[in-house]
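As structure tokens, the structure follows; a few thoughts come after it.
Where a number appears in this text, it was derived from the coordinates with a stated rule and is not lab data. These numbers were taken from a predicted model, which means no experiment stands behind them. Note: ideal-geometry Cβ built from the backbone for every residue, glycine included; neighbour counts use all protein chains shown.
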Amino acid sequence: MMDATRPGPYHGRPRPWISTGKMPVLRGNDPTMKTDPFCMPCILNQCLRAARMVSDDSLYIKIALQEVAAYLADAPLEMNPTMVGTEAHRIIRRAMGHPDPFKKAKQKDNQKALLMLGPLRERMETSDDPLLEALRIAVAGNVMDFGAATAPDSEALLLKTLEKPFPMENYQAFLDEIKKISNILFLADNAGR
């Protein structure tokens, strides 16, 4: 069990999931989530992985990481960690002289995604609830993130995620809401997912 008083993004305030058993949905501009010193090594490690994707020159990578570390040393703890991570990635891209260190990995994942499209479409179309299955597939695709973890085997990760229980507490309210509208705008943030 997590210690609700341990320093972290909630700075000693009780974490909402301790009592409810459910993790909160945190968005990039969530004012309750603050950067914690524990975030810094993870962000720096993400930048290291990004740098290694475009160069194997240790000195060049070290100099780029020093720029990121200098930024992290001054990053306000009141800032959301997603925003801190975004700026750190901007710095590493600029310092490495590469606009998209994950480009090759994303291209590879796009190819895998195209191969998976047929079976996933069939899974959705043959489901008792195609919309729910489409949502499950979208969520499973969204867990793949090159910045957040070591580059996973995307197909295995997607299939493993699809086997997990899906939170249903808001599904009926979602269905009720979409009956009232004629268009849905999808905002996608990951290539190949």
Subject >> Extension gain, residue 114 back to residue 186 (0.36 nm per residue minus Cα-Cα distance, nm) >> reply: 24.0 nm
Original post:
With labels modelled as points extended 7 Å from the Cα through the Cβ direction, what inter-label distance (nm, one decimal) is found for residue 59 paired with residue 170?
Top reply: 5.1
Original post:
Which of the residue pairs 106/164; 62/103; 34/180; 108/164; 34/62; 112/164 have a Cα-Cα distance greater than 29 Å in the structure shown?
Top reply: 34/180
Original post:
So for the pair residue 44, residue 139, with labels modelled 7 Å out along Cα→Cβ, what separation do we get in nm?
Top reply: 3.5
Original post:
Can you give the convex hull volume of the alpha carbon atoms of region 46-142 per residue, in Å³?
Top reply: 104
Original post:
Is region 86-134 rounded, prolate or oblate when judged by the Cα gyration tensor, a ≥ b ≥ c being the square roots of its eigenvalues, rounded requiring a/c under 1.5 and prolate requiring a/b larger than b/c?
Top reply: oblate
